[in-house]
1. State whether the residues of segment 270-291 include one that is away from ligand 1 (no atom under 16 Å from the Cβ), open to solvent by 20 Å² or more (accessible area, probe 1.4 Å) and more than 18 Å from Trp208 (Cα to Cα).
2. Go through Asn180, Asn172 for me and flag whichever is farther than 19 Å from Leu75 by Cβ and in a helix (DSSP H, G or I).
3. Among the residues of segment 236-260, which ones are more than 8 Å from ligand 2 (Cβ to nearest atom), under 14 Å from Ala295 (Cβ atoms) and touching a residue at least 60 places away in the same chain (Cβ under 8 Å)?
4. Please work out if Glu109 is within 16 Å of ligand 1 (Cβ to nearest atom) and either open to solvent by 60 Å² or more (accessible area, probe 1.4 Å) or among the acidic types (Asp, Glu) (or both).
5. Within segment 218-260, track down each residue that is open to solvent by 70 Å² or more (accessible area, probe 1.4 Å), assigned to a loop (DSSP other than H, G, I, E, B) and touching a strand residue (DSSP E or B) at 6+ places or on another chain (Cβ under 9 Å).
6. Mind checking whether some residue in segment 154-175 is open to solvent by 10 Å² or more (accessible area, probe 1.4 Å), touching a Ser or Thr at 6+ places or on another chain (Cβ under 8 Å) and at pLDDT below 90?
7. If the Cβ limit is 7 Å and pairs must be 6+ apart or interchain, which residue in segment 48-59 that is near ligand 1 (Cβ under 6 Å from one of its atoms) pairs with which residue that is of a type in the set (D, E, K, R)?
8. Here is a check on your reading of the model: is Tyr315 out of contact with any Lys or Arg (no Cβ under 7 Å at 6 or more places or on another chain), farther than 30 Å from Pro171 by Cβ and open to solvent by 80 Å² or more (accessible area, probe 1.4 Å)?
Amino acid sequence: MNVTRRDFLKASAALAGALTLKGAGLLQLQKAMAAGEATGVPVIWLQGQSCTGCSVSLLNTIHYMTIDNLLVNTLDLKFHPSVMAAADDLAVGAAEDAREAEGYVLVIEGAIPVGAQGHYCHVWEEQTEGENGEPVTMETAFKDFALHENCICVLAVGTCASYGGIPAGNPNPTIALGVNETLSYLGIPGKDRPTVVNIPGCPSHPDWIVGTVAALLAGNMPELDGEGRPIEFFGEHVHYHCPNRGQGAKAKVLGDPGCLAGLGCNGQQTHADCPIRQWNAATAGGYGVNWCVGARNPCQGCTEPDFPDGMSPFYSVKD
Ligand code: FSX
Ligand code: SF4
């Protein structure tokens with residue numbers, strides 16, 4: 001699937017209506033694209049507390065489109081801490097210029113720590129005439145970019161950005177929060193909040209990220225569940241499509257054949273299409289080659305808001 005600039009322009013009006021996106025940013029973007037000044041949807045990707053696994057996962061995209069197609073034809077990636085070539089003031093300047101210039105989609109990867117008066121997790125330093133200045137924290141960067149009038153919507157990619165994830169695991173010393181929790185912590189009223197779509201998973205599957213972006217660009221706001229996740233990908237329990245379901249045999253120790261329910265499997269309370277979609281697809285339009293339970297590992301519940309604490313212990317033996 002290749003979403004062209006024309007497709008995007010055609011879809012933009014519908015997108016604005018369906019999403020109640022911030023009009024100013026979207027109109028600016030439409031104008032820039034119509035004038036040929038922009039070739040793709042500007043994306044600013046900020047990373048807080050995470051292992052970068054979600055970025056790595058996205059680089060494996062192939063089902064809907066390959067990463068080169070995504071980055072060259074569809075998105076205009078203005079800032080990404082791992083993928084962009086620029087560094088230092090050039091990189092930070094690119095993010096700030098993009099924010100001021102036109103409408104953009106903000107991707108948040110990783111949790112946002114608000115402990116210690118927001119002093120954890122420095123994402124860059126203020127740039128003053130080429131000199132490095134005060135550190136800018138993830139909390140400050142989030143406020144500057146998510147609450148800016150040009151921000152069209154926020155995609156919370158991965159469980160850390162969606163709900164806090166592993167950085168928020170007990171005892172959560174940095175008070176790591178997901179995007180919506182951070183907006184609540186900051187006291188931002190609903191009317192002033194950007195549209196937020198959660199795309200959890202530790203890591204998030206590339207199809208969940210690219211499929212959501214493609215739906216948005218086609219003018220379709222994905223239907224979200226009560227946890228802010230697109231129902232298309234997170235509408236059913238892992239257990240529902242698991243080939244071990246109803247087979248009778250129950251594994252007693254890791255390595256046994258059969259259902260892993262007695263070894264800590266969280267498939268019955270975890271929403272994701274992993275059994276069908278699977279991971280590491282090799283062809284466009286194709287599905288992946290394996291998934292956690294397929295590799296004989298109990299589902300760890302990584303797409304749920306209470307992961308990891310509520311899904312622990314990951315491995316257990318029950319009689
Ligand atoms: Fe979190 Fe993504 Fe887990 Fe890692 O960055 S969802 S720790 S796989 O990579 O944010
Ligand atoms: Fe359900 Fe897990 Fe058993 Fe599969 S292995 S049937 S997901 S409990």
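The values are calculated or read from the model by the stated rules, or taken from the named source; none is laboratory data. Worth saying up front: this structure is predicted, and the values here are computed from it rather than measured. Glycine gets a Cβ as well: all are built from the backbone with ideal geometry, and neighbour counts include every protein chain shown. Just so you know, the surface numbers come from the protein's heavy atoms only, side chains and all, with ligands and any DNA or RNA stripped out. Shrake-Rupley method; radii C 1.70, N 1.55, O 1.52, S 1.80 Å.
1. no
2. The conditions single out Asn180.
3. Leu254
4. Yes; evaluated as a whole, the condition is true for this residue.
5. Residues satisfying the conditions are Glu223, Glu227, Glu236, Arg245, Gly246, Gln247.
6. Scanning segment 154-175 turns up no residue that is open to solvent by 10 Å² or more (accessible area, probe 1.4 Å), touching a Ser or Thr at 6+ places or on another chain (Cβ under 8 Å) and at pLDDT below 90.
7. From segment 48-59, the pairs are Ser50/Glu109; Cys54/Glu109.
8. No; evaluated as a whole, the condition is false for this residue.
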